[in-house]
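This report refers to the structure that appears directly beneath it.
FYI, it's all coordinate maths here, none of it is from the lab. The structure presented is a predicted model; accordingly, all values stated were derived computationally and were not measured. Glycine gets a Cβ as well: all are built from the backbone with ideal geometry, and neighbour counts include every protein chain shown.
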Amino acid sequence: MESKYLYLCINIFAFIIPFLCSFYPKANFSKKWRYVIPAILVTAIVFIAWDALFTKLGVWGFNPDYVSGIYLLGLPLEEILFFICIPYACLFTHFALSHLVEKDHLFPHQELISSALIILLLVFGSYHLDKLYTGVTFLLTGLFLALVMLKLRVRFMGRFYFTFGLLLVPFFIVNGILTGAVTEEPVVWYNNAENIGIRIFTIPLEDAVYGLLMILMPITIWEKAEESTRFR
């Protein structure tokens with residue numbers, strides 16, 4: 001495999017198994033597509049705009065040796081696909097786990113977990129406003145989480161935290177590959193002047209918070225859209 005297809009292959013491998021399993025009769029995720037697809041598209045628009053801006057500002061960038069060379073909005077095609085393939089795989093995982101694990105074990109603790117995260121994210125983000133990636137990511141995630149808990153008052157956060165905890169395993173694999181764990185140079189590079197410089201192996205700490213927001217946003221949109229139709 002040529003190295004310029006590495007990022008594309010990561011997207012395909014992340015997407016293909018959840019997609020094929022979406023038609024399993026006893027837990028048919030494809031029946032949720034009318035809620036899921038708009039949720040992914042809205043999230044993708046937000047993150048692609050954010051991504052394009054930060055790429056232009058030099059907060060991060062992409063190694064041309066590992067992308068196909070097709071660019072849209074100043075971003076490699078693979079980066080655009082990332083915001084469709086990865087959220088789809090995460091939403092499928094959230095759906096599948098809800099069927100496999102009937103009891104929401106973290107439900108009694110969801111408000112405490114969310115409250116602690118909101119405070120931590122907002123305080124930490126405010127303290128690091130001089131670093132674009134850190135400040136923006138922590139503040140946006142904290143504010144969105146506050147919106148979800150205090151305004152929307154959702155009841156699925158226990159399941160979300162369970163899903164997110166399990167998704168940290170493939171997160172470290174995918175992000176590790178993208179940040180240079182198995183390649184001579186990273187597929188995605190980061191300007192360390194715009195983050196706090198703490199890495200988990202090769203992965204900036206901010207990526208975990210970024211990932212939390214990228215998963216929580218489409219799940220929230222999907223769940224609220226389905227809820228609104230359920231009570232019509």
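Between the beta carbons of ALA181 and VAL123, assuming R0 = 30 Å, the FRET efficiency works out to 0.45 to the nearest 0.05. Look at ARG199, ARG34, ARG153, ARG159 and count the other Cβ atoms within 10 Å of each Cβ; fewest to most, that gives ARG153, ARG34, ARG199, ARG159. The modelled label-to-label distance for the pair VAL169/ILE200, using points 7 Å beyond Cα in the direction of Cβ, is 1.4 nm.
Projecting label points 7 angstrom from Cα along Cα→Cβ for LEU53 and LEU112 puts them 3.7 nm apart. Against the compact-protein benchmark of 2.2 N^0.38 Å, the Cα-based radius of gyration of segment 1-151 scales to 1.22. Spin-label pair ARG34-SER3: with each label point 7 Å from Cα along the Cα-Cβ axis, the two points sit 4.8 nm from one another. Taking other C-beta atoms within 10 Å as the exposure proxy, MET149, MET214 rank MET149, MET214 from fewest upward. One chain, two ends: LEU100 and LEU72. Fully extended at 0.36 nm per residue, the span grows by 6.2 nm beyond their Cα-Cα distance.
What fraction, in whole percent, of alpha-carbon pairs in segment 39-127 exceed 17 Å separation? Percentage above 17 Å: 67. Computed packing ranks the peptides 161-167, 82-88 as 82-88, 161-167, most packed first, by mean other Cβ atoms within 10 Å.
Residue exposure proxy: ASP104, ASP65, ASP51, ASP207, ordered by other Cβ atoms within 10 angstrom of their Cβ from fewest to most, comes out as ASP65, ASP104, ASP51, ASP207.
Only one residue of SER30, PRO64, ILE84 has its Cα farthest out toward the positive end of the dipole of the chain, where Lys and Arg carry +1 and Asp and Glu -1 on Cβ, and that residue is SER30.
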